[in-house]
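A.B. asks: Here it is, the structure, as structure tokens.
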Amino acid sequence: MRFGHFDDEKREYVIETPKTPYPWINYLGSESFFGLVSNTAGGYCFYRDARYRRLTRYRYNNVPVDEGGRYFYIKDGDDTWTPSWRPMKKELERYECRHGMGYTKISSARGGVGVETLMFVPVGHNCEVHQVTVTNEGQAAKTVKLFSFVEFCLWNALDDMTNFQQNFNTGEVEIEGSTIYHVTEYRERRDHYAFYHVNAPLAGFDTDRHSFLGLYNGFGEAQVPLSGEPRNSRASGWHPIASHCLDVALAPGESKTFVFVLGYVENPREEKFSAPGVANKTRAKALIDAFSTPAQVEEALGKLRATWDALLGKLTIKSGDEKLDRMVNIWNQYQCMVTFNMSRSASYFESGIGRGMGFRDSNQDLLGFVHMVPERARERIIDIASTQFEDGSAYHQYQPLTKRGNNDIGSGFNDDPLWLILGVGAYIRETGDIGILDEQVPFDNDPNNTATLLEHLKRSFDHVPNNLGPNGLPLIGRADWNDCLNLNCFSETPDESFQTTGNKVGRTAESTFIAGLFLLAGKEYVALLEKLGRNGEAEQASGLLTKMAAVMEDKGWDGEWFLRAYDFFGEPIGSNRCEEGKIFIEPQGMCVMGGIGVESGKAKLALDSVKKHLDSKYGIVLLQPAYTTYHVKLGEISSYPPGYKENAGIFCHNNPWVVIAETELGRADRAWEYYTKIAPAYLEDISDVHRMEPYVYAQMIAGKDAVNHGEAKNSWLTGTAAYNYVAVTQHILGIRAELDGLRVKPCLPKHIGEVSVKRVLRGVTFDITIKNRGTGSHKLTADGQPVDGVVVPYPATGKTVRVVCEC
Ligand code: BGC
């Protein structure tokens with residue numbers, strides 16, 4: 001069942017009912033001011049950091065879901081209703097929510113009154129604009145009252161939810177004309193405040209939540225809009241809010257448009273006050289002036305559109321398959337930009353107060369956004385590498401505000417360092433900026449202890465051979481990519497974290513996944529060394545890779561698939577000999593990506609085993625059979641009920657590894673089958689089962705052992721976005737930036753005949769036509785001249801290269 005449709009022309013998903021199977025959200029803002037907004041106007045906004053600079057309050061995990069947002073109320077005679085359906089939930093005669101690139105538009109009508117609310121964060125500004133157009137669709141003149149409503153968060157979102165003895169006393173506002181200023185704690189150490197403004201004179205206002213709602217009422221029963229009487233309340237402590245009341249008189253057919261600005265201002269300390277105790281409003285007024293007319297809003301929206309045109313224009317395709325086109329051209333890239341901005345901080349499944357930036361996560365996310373914002377990717381790389389330790393190991397996370405490693409979680413996730421090589425490699429292949437390898441980068445953020453970025457990569461690489469276990473395979477440490485496979489942890493206490501609690505000391509537990517990743521990242525490292533002319537080092541590194549591949553084919557092989565690990569006692573995991581957890585997805589995908597077993601036939605066997613044991617109707621599950629009981633020697637993975645998360649859920653992040661692996665073997669149809677099983681646009685028709693947004697990936701879909709097989713959770717912030725983008729663009733479509741040219745090596749299913757691709761890279765536009773006959777071989781021409789192999793060299797001069805690939 002569907003709940004909307006794609007409008008590809010406008011790059012929007014159009015939701016046709018407010019009653020979606022879960023709140024379907026969008027993100028506003030791409031620089032420093034961000035908002036989350038659901039299809040019923042729920043959500044919140046923040047400046048830079050979702051924990052420390054939260055502007056509006058949101059109630060996670062509440063009843064009903066999605067409590068708090070940017071609400072407008074219409075009082076039309078005896079009828080009071082909310083155009084976003086929630087919170088009043090009055091029947092609407094018309095409803096539509098359009099989630100677009102950085103904006104959301106909700107339109108609805110009731111009782112002959114139409115309301116359209118457009119919300120976005122203008123480029124270069126720290127505010128949300130809410131433009132509300134009210135239309136009299138009836139035959140008679142009428143006057144309605146329009147009430148706005150936002151509830152302020154007292155800045156620190158965690159404190160706001162927990163420290164009531166203090167913060168019920170701190171709330172303060174100032175009211176000036178049509179602007180309500182939220183100045184809680186501005187009197188002391190905060191140099192920032194928020195405001196909510198409307199470009200029209202007020203019939204009244206409210207700033208105290210109890211007065212507006214009534215102490216025992218929810219948002220849907222707010223007494224001020226129900227009565228139509230603003231109370232002009234002034235918040236003092238408790239819960240500051242901002243609500244404007246406007247009288248809107250409309251002739252039949254007439255529309256009136258109001259521009260609301262919800263802004264954030266930081267003042268230099270010496271300019272904080274304009275008079276004792278009065279906040280200096282100069283900067284707020286400048287922001288208000290920038291958006292005081294609909295024409296200014298229109299212009300800002302145009303600028304936002306142009307920004308997205310540029311971001312999404314680096315790789316576009318026309319394939320004849322509209323779902324593929326919308327994933328590649330629009331939504332997959334969009335999600336990659338959102339993960340770039342948010343990492344894993346703020347979604348409807350991440351509360352914005354928890355995790356820092358993951359070392360592994362950030363490097364992987366980079367693979368999906370490097371082509372859109374290479375300069376910002378560069379900055380991110382330096383930030384990440386600066387948290388690395390001298391021995392090549394890495395903090396598992398770092399804090400975005402301080403950019404320092406997070407001591408609470410520490411290091412010891414032995415795959416982490418290798419992802420840095422992949423992140424840096426992707427950046428250099430995209431930009432050609434090999435000079436980044438000469439940058440001096442600190443270890444553990446110590447400016448007195450630095451080395452070149454190349455040296456950081458060397459330490460990342462060497463960390464594997466320096467930390468081998470009894471079988472010659474990489475030691476796993478706390479965990480590898482699978483944070484929940486905790487082989488040294490042995491936790492028996494419910495209140496401790498599997499990731500941070502003391503590990504048993506032992507150098508036995510080994511990971512075949514890290515071995516596969518070592519091959520994949522190692523090849524990238526060798527290519528960089530060769531490009532630098534460091535052939536001796538390249539040869540030495542290659543030798544280590546060959547050795548590791550041989551160890552894997554011997555000690556890492558179980559007969560029909562690759563083992564997953566050796567545990568603390570040296571026993572195999574992910575082996576036919578195990579009772580549960582006989583086969584895992586991660587090493588099958590990653591080892592083949594690293595090239596292990598391709599020649600010996602083991603790769604094919606391993607992937608056939610994936611098909612046989614792990615594939616399901618809704619995607620490839622992580623392992624089989626699921627663990628039915630808790631295994632202290634395995635850790636968190638066995639803590640989940642069968643079919644969820646890492647315990648045999650369809651963990652969407654690792655499905656594209658198998659897609660890529662299948663393309664390595666040239667098996668286009670199977671790669672395609674796996675790709676389309678989890679790509680959201682292909683799931684639109686089963687939105688009732690899937691439940692999450694049909695325009696973005698979710699981290700997990702319940703596996704075949706779960707009660708609700710096919711139901712997804714944790715949409716938006718997941719490495720799934722980046723890796724699926726890599727899989728579909730670089731391996732299925734086969735368009736990949738290499739150090740010396742653009743590789744064009746598609747592996748497409750037969751039904752996709754001709755694809756045109758535009759790839760803008762290093763100032764060159766590659767106009768590519770793929771003529772797919774499913775031959776399995778590739779014949780390329782560039783500007784009419786035959787190309788030797790599948791890499792079209794970057795032209796010395798010239799801005800456009802026409803490439804034809806017959807395959
Ligand atoms: C983490 C990833 C990890 C994955 C699998 C995610 O929640 O962010 O770093 O690889 O889980 O455990």
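The values are calculated or read from the model by the stated rules, or taken from the named source; none is laboratory data. What you see is a predicted model, and the numbers here were worked out from it, not measured in a lab. Methodologically, a virtual Cβ is constructed for each residue, glycine included, from the backbone with ideal geometry; neighbour enumeration extends over all protein chains shown.
A.B. asks: Could you tell me which of the residues 124, 111, 102, 42 is crowded, with 22+ Cβ neighbours inside 10 Å and on the phi > 0 side of the Ramachandran plot?
C.D. replies: Residue meeting the stated conditions: 102.
A.B. asks: Got at least one residue in segment 571-582 being outside any strand (DSSP E or B) and within 16 Å of the ligand (Cβ to nearest atom)?
C.D. replies: Yes, that holds for at least one residue.
A.B. asks: Another question, if that's okay. In this structure, does residue 414 turn out to be within 16 Å of the ligand (Cβ to nearest atom), buried (at least 24 other Cβ atoms within 10 Å of the Cβ) and at negative phi?
C.D. replies: The answer is yes for residue 414.
A.B. asks: Looking at 569, 518, 584, which is the one that is surrounded by fewer than 16 Cβ atoms within 10 Å (Cβ to Cβ) and out of contact with any Cys (no Cβ under 9 Å at 6 or more places or on another chain)?
C.D. replies: 569
A.B. asks: Being touching a Cys at 6+ places or on another chain (Cβ under 8 Å) and within 30 Å of residue 336 (Cα to Cα) narrows it down to one of 116, 128, 96, 67, so name that one.
C.D. replies: Matching residue, one of 116, 128, 96, 67: 128.
A.B. asks: Separate question: Given (1) within 14 Å of the ligand (Cβ to nearest atom); (2) part of a helix (DSSP H, G or I), where does residue 498 come up short, assuming only one miss?
C.D. replies: The failed condition is (2).
A.B. asks: Which helices (runs of 4 or more DSSP H) does segment 353-445 wholly contain that include 2 or more residues that are among the polar types (S, T, N, Q)?
C.D. replies: 359-369
A.B. asks: Being among the small types (Gly, Ala, Ser) and part of a loop (DSSP other than H, G, I, E, B) narrows it down to one of 253, 263, 220, so name that one.
C.D. replies: 253
Quick grid of which residues meet (1) within 16 Å of the ligand (Cβ to nearest atom); (2) without any contact (Cβ under 8 Å) to a residue 12 or more places away in the chain; (3) surrounded by 21 or more Cβ atoms within 10 Å (Cβ to Cβ):
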{"residue": "717", "(1), (2), (3)": "yes, no, yes"}
{"residue": "732", "(1), (2), (3)": "no, no, yes"}
{"residue": "739", "(1), (2), (3)": "no, no, no"}
{"residue": "743", "(1), (2), (3)": "no, no, no"}
{"residue": "755", "(1), (2), (3)": "no, no, yes"}
{"residue": "758", "(1), (2), (3)": "no, no, no"}
{"residue": "770", "(1), (2), (3)": "no, no, yes"}
{"residue": "774", "(1), (2), (3)": "no, no, no"}
{"residue": "780", "(1), (2), (3)": "no, no, yes"}
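A.B. asks: If I ask for residues that are touching a helix residue (DSSP H, G or I) at 6+ places or on another chain (Cβ under 8 Å) and part of a loop (DSSP other than H, G, I, E, B), which ones from segment 583-616 would you list?
C.D. replies: 594, 595, 596, 597, 598, 600
A.B. asks: I'm trying to understand the selection: among the residues of segment 151-205, which are in a loop (DSSP other than H, G, I, E, B), under 17 Å from residue 237 (Cβ atoms) and among the charged types (D, E, K, R)?
C.D. replies: Those that are in a loop (DSSP other than H, G, I, E, B), under 17 Å from residue 237 (Cβ atoms) and among the charged types (D, E, K, R): 185, 187, 188, 190.
A.B. asks: Kindly state which strands (runs of 3 or more DSSP E) lie completely within segment 25-91 and contain at least 2 residues that are in contact (Cβ under 8 Å) with a residue 60 or more places away in the chain and more than 20 Å from the chain's Cα centre (by Cα).
C.D. replies: 54-56, 71-76
A.B. asks: Also: Residue 310: aliphatic (A, V, I, L, M), more than 18 Å from the chain's Cα centre (by Cα), buried (at least 24 other Cβ atoms within 10 Å of the Cβ) and more than 14 Å from the ligand (Cβ to nearest atom), yes or no?
C.D. replies: Answer is no for this residue.
A.B. asks: Here's a follow-up. How many residues does segment 784-804 contain that are within 34 Å of the chain's Cα centre (by Cα) and loosely packed, with under 10 Cβ neighbours inside 10 Å?
C.D. replies: Counting residues in segment 784-804 that are within 34 Å of the chain's Cα centre (by Cα) and loosely packed, with under 10 Cβ neighbours inside 10 Å gives 1.
A.B. asks: If I filter segment 490-497 for residues that are surrounded by fewer than 21 Cβ atoms within 10 Å (Cβ to Cβ), touching a Lys or Arg at 6+ places or on another chain (Cβ under 8 Å) and not small (Gly, Ala, Ser), do I get at least one hit?
C.D. replies: yes
A.B. asks: Of all the residues that make up segment 645-690, how many are of a type outside the set (A, V, I, L, M, F, W, C), more than 16 Å from the ligand (Cβ to nearest atom) and touching a Ser or Thr at 6+ places or on another chain (Cβ under 6 Å)?
C.D. replies: Count: 1.
A.B. asks: Quick one: count up the residues across segment 223-250 that are assigned to a strand (DSSP E or B) and either over 28 Å from residue 78 (Cα atoms) or in contact (Cβ under 8 Å) with a residue 40 or more places away in the chain (or both).
C.D. replies: So the answer is 12.
Rundown of residues vs (1) surrounded by fewer than 21 Cβ atoms within 10 Å (Cβ to Cβ); (2) hydrophobic (A, V, I, L, M, F, W, C); (3) at pLDDT 95 or above, yes/no style:
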| position | (1), (2), (3) |
| --- | --- |
| 592 | no, yes, yes |
| 599 | yes, no, yes |
| 616 | yes, no, yes |
| 638 | no, no, yes |
| 649 | no, no, yes |
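A.B. asks: Can you pull out the residues in segment 623-644 that are within 13 Å of the ligand (Cβ to nearest atom) and part of a helix (DSSP H, G or I)?
C.D. replies: 635, 636, 637, 639
A.B. asks: Turning to a different aspect of this structure: Only one of (1) closer than 16 Å to residue 39 by Cβ; (2) touching a residue at least 60 places away in the same chain (Cβ under 8 Å) fails for residue 171. Which number is that?
C.D. replies: Checking residue 171 against (1) closer than 16 Å to residue 39 by Cβ; (2) touching a residue at least 60 places away in the same chain (Cβ under 8 Å), the one that fails is (1).
A.B. asks: Any residue at all in segment 529-551 that is touching a residue at least 24 places away in the same chain (Cβ under 8 Å), over 26 Å from residue 665 (Cα atoms) and touching a Gly at 6+ places or on another chain (Cβ under 9 Å)?
C.D. replies: no
A.B. asks: State whether the residues of segment 654-661 include one that is within 30 Å of residue 762 (Cβ to Cβ) and of a type in the set (Phe, Trp, Tyr).
C.D. replies: Yes, there is a match, as at least one residue in segment 654-661 is within 30 Å of residue 762 (Cβ to Cβ) and of a type in the set (Phe, Trp, Tyr).
A.B. asks: Looking only at segment 430-487, which residues are hydrophobic (A, V, I, L, M, F, W, C), under 30 Å from residue 314 (Cβ atoms) and away from the ligand (no atom under 16 Å from the Cβ)?
C.D. replies: Those that are hydrophobic (A, V, I, L, M, F, W, C), under 30 Å from residue 314 (Cβ atoms) and away from the ligand (no atom under 16 Å from the Cβ): 434, 436, 437, 441, 453, 454, 457, 461.
A.B. asks: Here's another thing I want to ask about it. If you check residue 383 against the conditions, is it within 16 Å of the ligand (Cβ to nearest atom) and of a type in the set (Asp, Glu)?
C.D. replies: No; evaluated as a whole, the condition is false for this residue.
A.B. asks: Please determine, by comparing only the residues of segment 360-380 that are in contact with a Leu (Cβ under 7 Å, 6 or more places away or on another chain) and of a type outside the set (A, V, I, L, M), which one is nearest to the ligand (Cβ to nearest atom).
C.D. replies: The selected residue is 363.
A.B. asks: Also: Say we look at segment 160-191 and pick out the residues that are within 18 Å of residue 269 (Cβ to Cβ) and over 34 Å from the mean Cα position of the chain (by Cα); which of these is surrounded by the most Cβ atoms within 10 Å (Cβ to Cβ)?
C.D. replies: 187
A.B. asks: Given the condition touching a Lys or Arg at 6+ places or on another chain (Cβ under 9 Å), modelled with pLDDT under 95, of a type in the set (D, E, K, R) and within 16 Å of the ligand (Cβ to nearest atom), answer yes or no: does some residue in segment 341-358 qualify?
C.D. replies: Checked segment 341-358: at least one residue is touching a Lys or Arg at 6+ places or on another chain (Cβ under 9 Å), modelled with pLDDT under 95, of a type in the set (D, E, K, R) and within 16 Å of the ligand (Cβ to nearest atom).
A.B. asks: Further question on the same structure: Taking residue 696 as the residue in question, decide whether it is under 29 Å from residue 38 (Cα atoms), surrounded by 22 or more Cβ atoms within 10 Å (Cβ to Cβ) and not polar (S, T, N, Q).
C.D. replies: Against the criterion (under 29 Å from residue 38 (Cα atoms), surrounded by 22 or more Cβ atoms within 10 Å (Cβ to Cβ) and not polar (S, T, N, Q)), residue 696 qualifies.
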